[in-house]
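Next up is a structure, given as structure tokens.
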Amino acid sequence: MPDISPQPATGNSVTRYLLDQLRRHPKRVVFTEGEDIRVIQAAARLVAEEVVAPILLGNRERIRALATEHSVSLKFVHIIDPPLASDFGLFCKRVENMARYRTMQLGDPAEIVARPHYFGALMVQYGQADAVVGGNQALPAAYFRALLHSIKPLPQVPKIFGVTILTGDHLKHLGGSGILFLADCGLNPNPDVTELAAIAVETGKLAHHFLGRKAFVAMLSHSTKGSANVPDAQRMAAAATLARDEALKQFLDIGIEGELQADVALDPEASETKLPAAEARPTADVLVFPNLDAAHISLKLLQHVAGAQNYGQLILGLSRPAAQVPRTATVETIFGTAAAIAVEAIKFHQLYPDGEV
């Protein structure tokens, strides 16, 4: 794997925006799998950009050896080996309490807290980091399990879900601002109407926060406005109606429409052709997919065939900011994902200045 310079880089439109936000509000991001040269390189770049204080979990000597081998600076990068941490005993007591009050059979608290995924999630839950990033060396299920056991869920979201951010200056129709949010790309195989509506509303909030303007959400289907009157299309239409009602209740600046085919959602010319009597429709910023197969396949095709750059996935539905990166993630993906979830932490601190949801 080629080395990356720790010097500041201009990046693309997404990372430039994220870095600009973070220079005004730097955040602490903990990486649960710090014994990975990609994470070390991304951490060095975040320090060089003066936007994030990285915390790497893992064996201190192994991390230092990797950094030395690849000539990467660890200046201002904090390293914590969970079993040796000063808060290890405190976290063990808190896990005991969680097991008692949530009736969870977690096993030996010391063994659990020693696992970096759990330790990182606990750091975020109890305010010792602003956001957590993991998954670069682990199966997704292990990482998600730690998040679900350690971080309180949001009461208004039925199930946690994942959002991936895509950008690519060479691509047409990639959202209204050259940024596209895809949900759910990683967690829920077949969400029901209520779950789809929550995904639309929460991802719309995320897009509004990132874009700084009204966000437009499309509920995708093989059908547009009843062109195929089948149960799957009706499910997306019903979810769109429910999501619009919820957005109105919360006074959110989000437009939600569906069911729509992907070309109608993203290409104004296709929209005019297929719905000639409709009003002009803005390009969608958020695509909500009917199931995990459709979302994940679309994401991989956009990455590997179209060459889109992906960041995330950001895990929504938790009361603290968290993100998962795939085991195949590049340094750029890890860097941008950390920046994105740190920006999401800015919103969390604005909404909950006392740290409670």
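Please treat every number below as a calculation from the coordinates, not as lab data. Everything numeric here is computed off the predicted structure, so don't read it as measured data. Ideal geometry is used to build each Cβ from the backbone, glycine not excepted, and the neighbour counts take in all protein chains shown.
Going out from 0 in 5 Å bins, what whole percent of all Cα-Cα distances in segment 38-159 drops into each bin?
Going out from 0 Å in 5 Å bins, segment 38-159 shows 2, 10, 19, 22, 19, 13, 8, 4, 2, 0 percent.
Applying the Karplus parametrisation 6.51 cos²θ - 1.76 cosθ + 1.60 with θ = phi - 60° to the phi angles of segment 204-212, what ³J(HN,Hα) value in whole Hz is obtained for each residue in order, glycine and proline being reported as x?
3J(HN,Hα) across segment 204-212, in whole Hz: x, 4, 4, 4, 4, 5, 6, 7, x.
Once amide H atoms are built 1.01 Å from N in the peptide plane, which residues 5 or more positions from residue 186, or in another chain, come under 5 Å H to H?
Correct list: 162.
I would also like to ask the following. Show that you can apply the helix-only estimate: for the chain, add -39,500 (n - 2.57) for every DSSP H stretch of four or more residues, divide by all residues, and state [θ] at 222 nm to the nearest 500.
Result for the chain, helices only: -14000 deg cm²/dmol.
Follow-up question, since we're still on this one. Take every DSSP beta bridge with both residues inside the chain and express the antiparallel ones as a percent of the total, to the nearest 5.
Bridges in the chain that DSSP calls antiparallel: roughly 35 percent.
Please give the FRET efficiency for residue 75 paired with residue 24, using the beta carbon to beta carbon distance and R0 = 25 Å, rounded to the nearest 0.05.
0.70
Follow-up. I want the local charge near residue 174. Using Cβ-Cβ distances under 15 Å, sum +1 for each Lys or Arg and -1 for each Asp or Glu among the other residues.
Residues close to residue 174 contribute a combined charge of -3.
Putting +1 on Lys and Arg Cβ atoms and -1 on Asp and Glu Cβ atoms, find which of 223, 291, 339 reaches farthest to the positive end of the dipole of the chain.
339
Amide H to amide H, which residues 5 or more places from residue 255 or on other chains are under 5 Å from it, using H placed in the peptide plane?
215, 216, 217
Give the long-range amide H neighbours of residue 81: residues separated by 5 or more places, or on another chain, with amide H under 5 Å away, using H modelled in the peptide plane at 1.01 Å from N.
Correct list: 58.
Given springs between every Cα pair under 10 Å in a Gaussian network model of the chain, which of 12, 291, 229 has the largest fluctuation?
The residue that fluctuates most here is 229.
Here is a further query. For the chain, what does the relative contact order come out to in percent, with C-alpha contacts under 8 Å and a separation of six or more?
Over the chain, the number comes to 21 percent.
Compute the Cα gyration tensor for segment 130-194, then decide on rounded, prolate or oblate, letting a ≥ b ≥ c be the square roots of its eigenvalues: rounded whenever a/c is under 1.5, prolate when a/b is larger than b/c in the other cases, and oblate in all that remain.
prolate
Per 10 Å bin, what percent of the C-alpha pairs of segment 161-304 does each bin hold, from zero upward?
Percent of Cα pairs in each bin: 13, 46, 36, 5.
Could you size up the charge dipole of segment 161-304 around its Cα centre, putting +1 on the beta carbon of Lys and Arg and -1 on that of Asp and Glu, and report it in debye to the nearest 20?
Its charge dipole is roughly 160 debye.
Next up: Taking a ≥ b ≥ c as the square roots of the eigenvalues of the Cα gyration tensor of segment 103-169, is the shape rounded (a/c under 1.5), prolate (a/b larger than b/c) or oblate?
In terms of gyration-tensor shape, prolate.
Same structure again: Considering only the other residues whose Cβ falls under 13 Å of the Cβ of residue 47, what net charge follows from Lys and Arg at +1 and Asp and Glu at -1?
With Lys, Arg at +1 and Asp, Glu at -1, the net is +3.
Please express the Cα-Cα pair-distance distribution P(r) of the chain as a list of whole percents, one per 10 Å bin, running from 0 to the bin with the greatest distance.
The distribution over the chain is 5, 25, 33, 23, 11, 3, 0, given as percents.
Add +1 for every Lys or Arg and -1 for every Asp or Glu among the other residues with Cβ under 15 Å from the Cβ of residue 62, and state the total.
Neighbourhood net charge equals -3.
At a 10 angstrom cut-off on C-beta neighbours, averaged per residue, how do the peptides 302-308, 263-269 rank from highest to lowest?
Taking the mean over residues of other Cβ atoms within 10 Å, the ranking is 263-269, 302-308.
May I pose another question? If you take every DSSP beta bridge fully contained in segment 161-304, what fraction is antiparallel? Give it as a percent rounded to 5.
Within segment 161-304, antiparallel bridges account for around 30 percent of the total.
With the Cα gyration tensor of segment 225-343 in hand, give its eigenvalues times 5 under a square root as the equivalent ellipsoid semi-axes, listed largest first in whole angstrom.
One finds semi-axes of 29, 19, 14 Å for segment 225-343.
In whole angstrom, note down how far apart the Cα centers of segment 269-315 and segment 191-256 are.
First find each Cα centre; the distance between them is then 13 Å.
Still on this model: Relative to the Cα centre, what is the charge dipole magnitude of the chain, using +1 at the beta carbon of each Lys and Arg, -1 at the beta carbon of each Asp and Glu, and rounding to the nearest 20 debye?
So the dipole magnitude of the chain works out to roughly 620 debye.
Work out from phi, with θ = phi - 60° and the Karplus expression 6.51 cos²θ - 1.76 cosθ + 1.60, the ³J(HN,Hα) of each residue of segment 149-165, listed in order in whole Hz, and give x for Gly and Pro.
7, 10, 10, 5, x, 7, x, 8, 10, x, 9, 5, 8, x, 10, 10, 9
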